[in-house]
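To start, the structure itself, in structure tokens.
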Amino acid sequence: MPAWLRDNRGFIAALLLFGVFRTAVADYNPVPSGSMRPTIIEGDVVLVDRLAYDLRLPLGERSLAVLGEPARGDVVTFFSPRDGTRLIKRIVGLPGDRIAMRGGVLVVNGEAARYGSVERALERLPGGATAPRVRAVESIGGDQRRVQYAADGRRLDDFGPLVVPPGHYFMLGDNRDDSADSRVVGPVPRRLLIGRAHHLLLSADTERGLRLRGDRIGMRID
């Protein structure tokens, strides 16, 4: 055994164990875009439970054991079925669900979402510019979350209806007018799910010299 390997074997073993832990048990994921605003914002680092749904070999897609079922409302990380990019979105459609959007209103199995606690906000954009937004609490099927839209009335094109195929999930970003989600990449097969995001590990304002946002550290993702 080379001397450098013998002298550093404890450190190397720790790195290997950390790699296995991160790729099979738990992970963290920096968020570079605003597609999940206002729930998750640029500079947030989310904690991801890789054992929420399946036990997999490190770096593998094959499920060794089913540990849980993805639920409507879960915020998940996954690989895009279009190009393999790692994304974070919210599950709004389960296998067999009929999904549509009409004028920004989500419709699941014929039930239209209700929108309450509507408020206007001024959002700071990368580069220092600002833009008006409309935020509301979206409620459907006993689940609710806070979403936002462009305040100028712009909406992504109406979508569907589409029936989610077996073993697939329909994803939407909470920032409905600025998210390349299942309206763009299509329903996501279960094998491409990485895990469920449940808390923020850290949050830093990348526009202001990585200044920590103390009020967001440890925040639960709902």
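The values are calculated or read from the model by the stated rules, or taken from the named source; none is laboratory data. From a predicted model like this one, the values you see are computed outputs, not experimental measurements. Backbone-built Cβ (ideal geometry, glycine too); neighbour counts: all protein chains shown.
Does Asp97 satisfy being over 20 Å from Glu69 (Cα atoms) and among the charged types (D, E, K, R)? Give the steps one after another, and end with the answer.
On the way: over 20 Å from Glu69 (Cα atoms): no; among the charged types (D, E, K, R): yes.
It is false that Asp97 is over 20 Å from Glu69 (Cα atoms) and among the charged types (D, E, K, R).
Going by the conditions given, is Arg135 out of contact with any Pro (no Cβ under 7 Å at 6 or more places or on another chain) and either over 26 Å from Arg56 (Cβ atoms) or aliphatic (A, V, I, L, M) (or both)?
Values: out of contact with any Pro (no Cβ under 7 Å at 6 or more places or on another chain): no; either over 26 Å from Arg56 (Cβ atoms) or aliphatic (A, V, I, L, M) (or both): yes.
So Arg135 fails the test.
Counting only residues that are aromatic (Phe, Trp, Tyr) and in contact with a helix residue (DSSP H, G or I) (Cβ under 6 Å, 6 or more places away or on another chain), which one in the stretch 47-104 is nearest to Gln148 (Cα to Cα)? So that I can check it myself, show each step before the final result.
Restricting attention to the stretch 47-104, the residues satisfying the condition of being aromatic (Phe, Trp, Tyr) are 53, 78-79.
Adding the requirement that they be in contact with a helix residue (DSSP H, G or I) (Cβ under 6 Å, 6 or more places away or on another chain) leaves 78-79.
Values: Phe78: 22, Phe79: 24 Å.
This residue is Phe78.
Can you tell me which residue in the stretch 188-197 is surrounded by the fewest Cβ atoms within 10 Å (Cβ to Cβ), limited to those that are of a type in the set (A, V, I, L, M) and either touching a Leu at 6+ places or on another chain (Cβ under 7 Å) or within 24 Å of Gln144 (Cβ to Cβ) (or both)?
Leu193
Test Val185 against the criterion of being surrounded by 14 or more Cβ atoms within 10 Å (Cβ to Cβ), closer than 30 Å to Arg56 by Cβ and aliphatic (A, V, I, L, M), and give yes or no.
On the way: surrounded by 14 or more Cβ atoms within 10 Å (Cβ to Cβ): yes; closer than 30 Å to Arg56 by Cβ: yes; aliphatic (A, V, I, L, M): yes.
So Val185 fits the description; yes.
Between Val75, Val66, Val107, Val92, which is surrounded by fewer than 19 Cβ atoms within 10 Å (Cβ to Cβ) and under 16 Å from Gly173 (Cα atoms)?
None of the other options fit; the residue is Val107.
Quick grid of which residues meet (1) under 17 Å from Ile88 (Cβ atoms); (2) at pLDDT below 95:
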residue: Ala136; (1), (2): no, no
residue: Ser139; (1), (2): no, no
residue: Asp152; (1), (2): no, yes
residue: Leu156; (1), (2): no, yes
residue: Val163; (1), (2): no, no
residue: Asp178; (1), (2): yes, yes
residue: Leu193; (1), (2): yes, no
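Restricting attention to the stretch 134-150, which residues are over 17 Å from Glu123 (Cβ atoms), out of contact with any Phe, Trp or Tyr (no Cβ under 8 Å at 6 or more places or on another chain) and assigned to a strand (DSSP E or B)? I'd like the intermediate steps shown before the answer.
Residues of the stretch 134-150 over 17 Å from Glu123 (Cβ atoms): 137-145.
From what's left, out of contact with any Phe, Trp or Tyr (no Cβ under 8 Å at 6 or more places or on another chain): 140-145.
Scanning the stretch 134-150 gives Ile140, Asp143, Gln144, Arg145.
With respect to the numbered conditions (1) in contact with a Phe, Trp or Tyr (Cβ under 9 Å, 6 or more places away or on another chain); (2) outside any strand (DSSP E or B), which one is the sole condition not fulfilled by Ala180?
(1)
For the stretch 198-220, give me each residue that is under 30 Å from Val164 (Cβ atoms) and either surrounded by fewer than 17 Cβ atoms within 10 Å (Cβ to Cβ) or at pLDDT 95 or above (or both). Give the derivation first.
Filtering the stretch 198-220 down to residues under 30 Å from Val164 (Cβ atoms) leaves 198-200, 219-220.
Selection gives His198, His199, Met219, Arg220.
Among (1) crowded, with 21+ Cβ neighbours inside 10 Å; (2) more than 22 Å from the chain's Cα centre (by Cα), where does Gly116 come up short?
Of everything listed in (1) crowded, with 21+ Cβ neighbours inside 10 Å; (2) more than 22 Å from the chain's Cα centre (by Cα), Gly116 misses just condition (1).
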